[in-house]
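Coordinate-derived values only; no laboratory data. Values in this document were obtained by computation on a predicted structure and should not be read as measured data. All Cβ positions, even for glycine, are placed from backbone atoms using ideal geometry, and neighbour counts span all protein chains on display.
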């Protein structure tokens, strides 16, 4: 159960969130909980989560170890702060910051090189869905952004299916629509990395996930978890998603 805070909260607000959130999930051993705050809040989040099972992730990672890359944050920097995960290729990164499938692959390889668990995002836009191209888009994103990994590297990633038309719009893919997409992604995994990899890969659903729709989403055998946006900013709301 992963929370993506996007560009919200200060370090002080981050600390306050964890004070409220930790007691609500301290007995939640049924799933892995990851929260991804903005870069400026990572140190506060790591400190606030210390001693708990909650993991902290970044919302992006540079593909280089260091160098003249203004505005980027590298794997060793994230390691030094105590981060364990990194979201890669989120649709907002693709839409506003020209992220491509090729850069997604490079960033994923960098995250793995520095011992981080990548949460690699794929998903189609509304016009692509309406044109009946959902599966073709997912296959393309998989082929160019994920299939270049070795078997050993692939075993360490998590995939998040995020239909772009359902992010922050209040529109949620029905559990059936989401499961169909997850099935298509899993079929690609089976073809490229084999049956065991397809059975063990965790595919999360992201797109207007809220406490009231988590249970029906999670009832689908194809859905292994959720990547939550807005609803992860509120401690009570995110805790009820974790404890669905």
Using a basic spin-label model with each label point 7 Å from the Cα along Cα→Cβ, how many nm lie between residue 13 and residue 98? 3.0 nm
For the stretch 186-244, what's the radius of gyration and Dmax over Cα atoms, in angstrom? 13.5, 40
Rounded to the nearest Å, the spacing of the alpha-carbon centers of the stretch 30-73 and the stretch 167-235 is 22 Å
So what is log10(I(q)/I(0)) for the stretch 57-183 at q = 0.09, 0.19, 0.21 1/Å, when the Debye sum runs over its Cα atoms only? -0.26, -1.05, -1.21
Translational diffusion coefficient (Stokes-Einstein; Kirkwood radius from C-alpha pairs) of the stretch 43-110 at 37 °C, 0.692 mPa s, in µm²/s: 256 µm²/s
Estimated D of the chain in µm² per second, where Rh is the Kirkwood radius over Cα pairs and Stokes-Einstein applies at 20 °C, 1.002 mPa s: 119 µm²/s
Place a label point 7 angstrom from the Cα of residue 143 along the Cα-to-Cβ direction, then list the residues of the stretch 94-121 whose backbone nitrogen is under 18 Å away. 100-106
Suppose we keep just the DSSP beta bridges with both residues in the stretch 2-242; what percent of those would be antiparallel, to 5? 0 percent
In square nanometres, what is one fourth of the surface area of the convex hull spanned by the alpha carbons of the stretch 19-75? 4.7 nm²
Residue separation between residue 29 and residue 187 times 0.36 nm, minus their alpha-carbon distance, gives in nm 53.9 nm
Using Cα-only point scatterers and the Debye equation, what is log10 of I(q)/I(0) for the stretch 106-158 at each q in 0.20, 0.24, 0.28, 0.29 Å⁻¹, rounded to two decimals? -0.70, -0.86, -1.03, -1.08
I need two numbers for the stretch 164-207: Rg to one decimal and Dmax as a whole number, Cα atoms only, in Å. 12.2, 36
